[in-house]
Amino acid sequence: MLKSLINLFFPTVCAACKSFILSNENIICTICRHELPLTNHHLNPENEAFKKFYGRIPVEHASALLYFHKKGMVQELIHNLKYKGHEEIGAVLGEWYAEDLKNSGILNNVDAIIPVPLHKKRLKERGYNQVTKFGMALSDNFNIPLNTKILIRNVYSKTQSKKNLLGRSEGIESVFDVAFSEKDYNKHFLLIDDVLTTGSTLEACSKALLKIPGAKISIVCMAMAHS
Ligand SMILES: [Zn+2]
């Protein structure tokens, strides 16, 4: 009742298409839920996300939920998630992907979920890591702990996103560091991120985690850039 009243005066809009959202809808409207471009990577172990890391780092599994097109609905979603304070979008996408991933068994052997970290200065500016809620949803669904301590981003860069768009990867490896002890040996880590583009950030994160003896890596992203 209260929610209906609030909606009447402050109607909420869909995070992907901006049309008004109904009281039985959550963040993303029903039409968008049907129209958002799904990759269905979880049905194919040799998918294009997995192939991105061929010859770069050993990966057990890689997948993304959605295709990301410039000026598309997914870009709008990610923009709202990263820059407009709509942290809850990550939770919605996490719940959504958990359903698909459950049936595939992909996360069965994963020991810890690790969001690609922000530099602490960036975290302070944004107020949240846009991947954390996504990770928490997966963590809840699979009963796998979220670990936000083991991987650290050391370098603050104002033009970080531009560099990633240009596919610049040199130098990025020194950006991430790991803080581990013997209890972290022989673990399977699931790295999670928002958009998979060149893969250089995830590659650098993986290389840092692979310094831990016996480490295995899998990767799950909300979306993957697609031309
Ligand atoms: Zn919509």
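The values are calculated or read from the model by the stated rules, or taken from the named source; none is laboratory data. Computed from a predicted model, the values in this text were never measured in an experiment. As a convention, Cβ positions derive from the backbone with ideal geometry for all residues, glycine included, and neighbour counts pool all protein chains shown. Surface areas here come from the heavy atoms of the whole protein model, side chains and all, with no ligands, DNA or RNA. Shrake-Rupley method; radii C 1.70, N 1.55, O 1.52, S 1.80 Å.
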Probe 1.4 Å, protein heavy atoms only - accessible area per residue of the chain in square angstrom: 53
Ordering of 151-157, 94-100, 123-129, 188-194 by packing [mean C-beta count within 10 Å, highest first]: 188-194, 94-100, 151-157, 123-129
Amide H contacts under 5 Å for residue 216, placed H, 5+ residues apart: 187, 188, 189
26 Å Cα-Cα threshold exceeded, pairs from 51/216; 18/133; 124/216; 70/133; 121/183: 124/216; 121/183
Carbon/sulfur fraction of accessible area - the stretch 8-49, other protein chains in place, 1.4 Å, %: 62
Helix-only mean residue ellipticity at 222 nm for the chain, each DSSP H run of n ≥ 4 adding -39500 (n - 2.57), per residue, nearest 500: -10000 deg cm²/dmol
Packing-based order for 174-181, 68-75, using average beta carbon neighbours within 10 Å, highest first: 68-75, 174-181
Under 14 Å, Cβ to Cβ, from residue 46 - net charge with Lys/Arg +1 and Asp/Glu -1: 0
